[in-house]
Every structure is written in C-alpha cells, then in structure tokens.
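J.: Supplied in structure tokens, the structure appears directly below.
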Amino acid sequence: WECFKDLSIPRWKLDINALMKLIYSFSLPILLLSESIPFQIGEILHYQASFAKVNAAVAQLKVVGLDTIENTPVYHVQFSAKTKGVMNYVFPIEDQIDLWIDKKSLLPLRIHSKIKEGKFRKQDDIFIPKDSNYLVSNSDTLNINEPIHSPYSLFYYIRKSNFNVNKK
C-alpha cells in the first residue's frame, strides 16, 4: 500500500476510478514506448457462462483485423455474446460490440454496439476523435476530461501493460 500513500483518500476507500487513473498514469508511458503486442490478428477468446450448472451463454472476444480511422491505424475488435439452450427462451441475449482501438495507445476511436437483451434493444455508434476532449454518441456530443476506455479496449490495454510486482 506504500504506492498509495500520496493519494488523498484512505487506502481502504480507494475506489475503482482512482485505481484506473493510477494504472493509466503509470502504464501509458510504458505502453507508448513498447511495440510488443501480446495478441495477434485472428485471436479469438471463447467464454462460456453457466447458471446452476446449466450452460447459459457463449461469448467471444476477437481481434478481427487492422483498419484505419482518420489516418490512424487501428485494431478492429469484436465482442459477441449469445444465450443458448433453455436460457435463450428465459432471457435471450444477442449482443455484438465492435470497436476500433488505436494501434499505439489502445484507446477506442469508434464503438458500435447492437444490444438485444430480453425485450431491451439498443444500438449505439460512438466516435472518439483522437487527442480530443469530447466524444460523439449517436447525435449527442459529450465532453470528456481524459482518455477513456471501453471494458473491451481496457482488456487489451491491460494485457499490453507490463506490471511488475516486487515480492518480498
């Protein structure tokens, strides 16, 4: 906990936002200087979810390929989730989230989501211009104070970061 002594909040009240800021501020310089990527185009991570020992859903996170957004090289990443079996009748889910993350910073520049969960339906297009302090979600413009991640871009960002833990 010594690394948190300079923070203005007690260590037992460290919230997730403060932790993410801390991780981001320490790992961004390492990330920008490093060219090593611990994933490849075509990589697919498969997930299964179960409820009371019943297979309920499958999901996958896939690095689809390389693309370009506003002259910036990006990775196209896709997350999909779908219920199966009896759970598909109880509460059907069919989600697909595509995002394009900057090849260097791994920050998202575009996120397209198509969500179907039960009777809920939502489709979003979010654009986050590089080096800007705003994002455009559908037709709304929102101010942002610092770079932001989606849960999926954060997954790749953390995988690329080199966190060394000193053991005593």
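J.: Holding the Cα-Cα limit at 28 Å, pick out from Lys116/Lys160; Lys82/Lys130; Lys53/Lys82 the pairs that are longer than that.
T.: Distance filter (> 28 Å) returns Lys116/Lys160; Lys82/Lys130.
J.: Note down the relative contact order for the stretch 55-168 as a percent, whole number, built from C-alpha pairs under 8 angstrom at least six residues apart.
T.: The value is 17 percent.
J.: Right, next: How large is ³J(HN,Hα) for each residue in the stretch 58-75, as worked out from phi by the Karplus curve 6.51 cos²θ - 1.76 cosθ + 1.60 (θ = phi - 60°), to whole Hz, x for Gly and Pro?
T.: 3J(HN,Hα) across the stretch 58-75, in whole Hz: 10, 8, 8, 10, 10, 8, 6, x, 9, 8, 9, 10, 6, 6, 10, x, 9, 8.
J.: Starting from the residue with the highest accessible area, list Lys116, Lys104 in decreasing order, probe 1.4 Å.
T.: Ranked list, largest accessible area first: Lys104, Lys116.
J.: Determine how large the accessible area of His46 is when every protein chain is in place; take a 1.4 Å probe and give Å² rounded to the nearest 10.
T.: We get 130 Å² for His46.
J.: Could you compute the FRET efficiency for Phe39 and Asn138, with r as their C-beta to C-beta distance and R0 at 45 Å, rounded to 0.05?
T.: It comes out at approximately 0.90.
J.: Here's something else I'd like to know. Which loop-located GluC sites (Glu not before Pro) does the stretch 70-168 contain, where loop means any DSSP state but H, G, I, E or B and the Cβ has at most 13 other Cβ atoms within 10 Å?
T.: Sites meeting the loop and neighbour criteria: Glu70.
J.: Round to the nearest 10 and report in Å² the accessible area of Ser139, as given by a 1.4 Å probe over the protein chains' heavy atoms.
T.: Approximately 110 Å² for this residue.
The values are calculated or read from the model by the stated rules, or taken from the named source; none is laboratory data. The shown structure was predicted, so the numbers you read here are calculated from the model rather than taken from an experiment. Because the Cβ atoms are built from the backbone with ideal geometry, glycine has one as well, and the counts that use them run over all protein chains shown. Heads up: the accessible areas ignore ligands, DNA and RNA and are worked out on the full protein's heavy atoms, side chains in. Shrake-Rupley method; radii C 1.70, N 1.55, O 1.52, S 1.80 Å.
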